[in-house]
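For reference, the structure is listed below as structure tokens.
A short reminder: the numbers here are calculations on the coordinates, not readings from a lab. Model, not experiment: these values are computed from the prediction. Ideal geometry is used to build each Cβ from the backbone, glycine not excepted, and the neighbour counts take in all protein chains shown.
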């Protein structure tokens, strides 16, 4: 099952029931005075066909962190704006399914990490029909370690050309950062990883003992 | 790496006097002493005014204090291990695991494993709170069974993108310094960002 | 008529006495703590972070935190190592967030002032050279060397400031000396 479907399964799609679901999930978790305005932000997003789960999550997060009511509202509003911007970018980049909730959420998160909006277009062109989110996050990983954005994108485009998809872009970023931490310059690190493509290492598997000791998380939000 | 004569170490640790050293040993001692002397220059800056302005502010209500505290950056004692790197942080994401045999959960193909670890000596509890717990506490409690200050936990999570923070002793929100990937939470702090991979590849 | 009470000067008050004053509500007494420890803490943070501005932030944040949590300082006679611990935590937090090549022009070592005396300029150059060498060694070794040989903490004080055991710290200091010596050899 490919990454796109798995992300869709993770996130609740926007639906007319989203709003009632939001009130139920937020009641008792956010300052009561914010319920009305948060509900209207979620309703507006649902009407616009945007994913609502990230907005509900942001409100729950603010409530859990004890943040002041006005800051929760501001943050949820800002999240809605980020989702709108992400979808607009995907549309203008010619994405065939710009409203895919998983893709919109992933791109919004990547943009909030500081990648330039025009990268969405570049990567969409390099990865037609593929989600841009993972590659954008990989670029954000590299930029966070001081790599130039353009060179980082070039590396991802080269990886895409050689068949890399999905979270493998994160492995490309991780390999470049490792080279940096071994003492190479940024340029040398990128060159070293380019020479490895597409055979960048994948993360090691967790030990069997770790798997057998893994616990399930009890969450009130059921996956569809 | 340079080898330093054990006698030089003993002098620097105050165990023996310097006049017991030979010429070569004295050279090493001198180089290190010069370095320490250079580093002992005192900075001219002062933070006194800034700190006193902050501490003179009238006390606020508990809610406001908590909100300020949560929105400030706070550090915990974390020992740095050079082996931790983004690559290893990416290893916290799930990889293909053969499900089924032995104890433990059966892991579906839309799920993976996430391993959390942090150094919090003296902590009484360490919780992982994030998008996968609906930002509720208590769902993912780390454990420090050997009381070495290293808290660990392994959980099954859905495939995809997750954000989280640690909560120490039920009240102190801490960004995971080993996550390697962060996103602003919109409240003045940073969440760690985690990608969980599917079992099936 | 009572004779005027002679108040003890800053120097005459011990750390426990200063802490007691602050905890009884004398906010201004925290100024004594700042005057007493600020220089050393700023020097420590500057050696750890390499950037004077980041160091000032780490120390200011640390001192404010120390003020707010002063009641949790279990042994005020060990205030010094408690403060180094708090500021050390802030430094580690700053280092954790910094990217590998995060050096901008603003962070570059200050240019020598032409009005500096030759001796002062030479000292500044020597400091810059050693600081560069210091930054090539790991943060743990860097901290160990600075606490021991620059801030002059005993191994017991270092143990309180870092939470590490003394044998671990001794080994770290020994390795730091070797690593620094090696790094200094490679400086032009």
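Values computed for the structure shown
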| quantity | calculated |
| --- | --- |
| Other protein chain Cβ atoms within 10 Å, averaged over every residue that makes up A:62-73 | 5 |
| Mean-position separation - Cα centroids, the stretch A:68-139 and the stretch B:150-195, in angstrom | 21 Å |
| Estimated translational D of the stretch A:117-199 in µm²/s (Stokes, Kirkwood radius over Cα pairs; 4 °C; 1.567 mPa s) | 106 µm²/s |
| Average beta-carbon neighbours from other chains, 10 Å sphere, peptide A:169-182 | 4 |
| Per residue, the convex hull volume that the Cα atoms of the stretch B:101-201 enclose (Å³) | 117 Å³ |
| Bins of 5 Å, starting at 0 and running to the largest distance - Cα pair percent for the stretch C:44-83 | 6, 24, 25, 19, 14, 10, 2 |
| Rotationally averaged projected area of the stretch C:112-188 (alpha carbon convex hull; nm²) | 5.9 nm² |
| Square roots of five times the Cα gyration tensor eigenvalues for the stretch C:10-98, Å | 24, 12, 11 |
| Number of partner chain Cβ atoms within 10 Å, mean per residue of A:136-148 | 3 |
| Sorted by Cβ neighbour density within 10 Å, fewest at the top, the residues A:168, A:161, C:132 | A:161, C:132, A:168 |
| Residue B:37 paired with residue A:165, simple spin-label distance in nm, labels 7 Å along Cα-to-beta-carbon | 6.7 nm |
| Protection-proxy order for peptides B:40-52, C:52-64, each taking the mean of Cβ atoms within 10 Å per residue, highest first | C:52-64, B:40-52 |
| Histogram of C-alpha separations across the stretch A:130-178, 5 Å bin width, % | 5, 27, 38, 23, 7, 0 |
